[in-house]
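Where a number appears in this text, it was derived from the coordinates with a stated rule and is not lab data. Model, not experiment: these values are computed from the prediction. Cβ placement follows ideal geometry from the backbone for every residue including glycine, while neighbour counts extend to all protein chains displayed.
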Amino acid sequence: MRVIAGIFKGRHLKAPTWDGLRPTSDKLRETLFNILAARVADARVLDGYAGTGAVGIEALSRGAREVTFVEKNARAAALIEANLALCGVERGYTIHRGDVATVLRRLPAGAAFDLIFLDPPYDADSVMPALEAAAAVLSADGLVVLERATRREPEVPAALTRVRDVKSGDSTLTFMTRPR
């Protein structure tokens, strides 16, 4: 696992040494950031279900102003810290430990993100609470990206409009915006 582009290009990130964490592949991350290219510079980004932190670190590498990582697992949160340290990142990020929907609901009033990336476990019962909470903190022109198993169609809350799906093997990136 490596950083694809930007100021940390080529840096190798630590992978989990335990089962249960499925990092976004380099190929899928590259596809994601090729699509998001014009949106990343100076963006406020949320990396939900952050795992290794690779998506948020890629955003920082490509010029994101600030990244908020949300991860429930303590070992994964420590892995995010370690990967940020490997890249020499000292500021421009926060790490919240907890459930994505709960953390998002507890953010200060006025919190708004330009890009929200959610990568829940592929076998999660429902991502609706996380999507609803994400919609509440999405900036007016913001974008939510859900990484999901291609075989599982997501429910989309009324506060979001599904605008695009990009399939890559067993994974699909579903892009959502606020309704116009």
Worksheet, complete the sentence: Restricted to the stretch 2-19 and to residues being surrounded by fewer than 18 Cβ atoms within 10 Å (Cβ to Cβ) and either in contact (Cβ under 8 Å) with a residue 40 or more places away in the chain or among the aromatic types (F, W, Y) (or both), the residue farthest from A82 (Cα to Cα) is A5
Worksheet item: Which is of a type in the set (K, R), closer than 23 Å to K14 by Cβ and loosely packed, with under 14 Cβ neighbours inside 10 Å, of R91, R164?
Response: R91
Worksheet item: Listed residues D114, D119; which is within 15 Å of the chain's Cα centre (by Cα) and over 19 Å from R22 (Cα atoms)?
Response: D114
Fill in: Qualifying positions in the stretch 121-136 - buried (at least 20 other Cβ atoms within 10 Å of the Cβ) and touching a residue at least 40 places away in the same chain (Cβ under 8 Å)
A130, L131, A134, A135
Practice prompt. Determine which member of the set E81, E155, E147 is surrounded by 17 or more Cβ atoms within 10 Å (Cβ to Cβ), among the acidic types (D, E) and either out of contact with any Gly (no Cβ under 6 Å at 6 or more places or on another chain) or touching a residue at least 60 places away in the same chain (Cβ under 8 Å) (or both).
Written response: E147
Worksheet item: Identify, please: which residue in the stretch 123-149 is in a strand (DSSP E or B) and of a type in the set (V, I, T) and is, among those, farthest from E30 (Cα to Cα)?
Response: V144
Item to complete: Would you be able to say whether some residue in the stretch 35-54 is of a type in the set (G, A, S), surrounded by fewer than 24 Cβ atoms within 10 Å (Cβ to Cβ), free of Cβ contacts under 8 Å to residues at least 40 places away in the same chain and under 25 Å from W18 (Cα atoms)?
Response: no
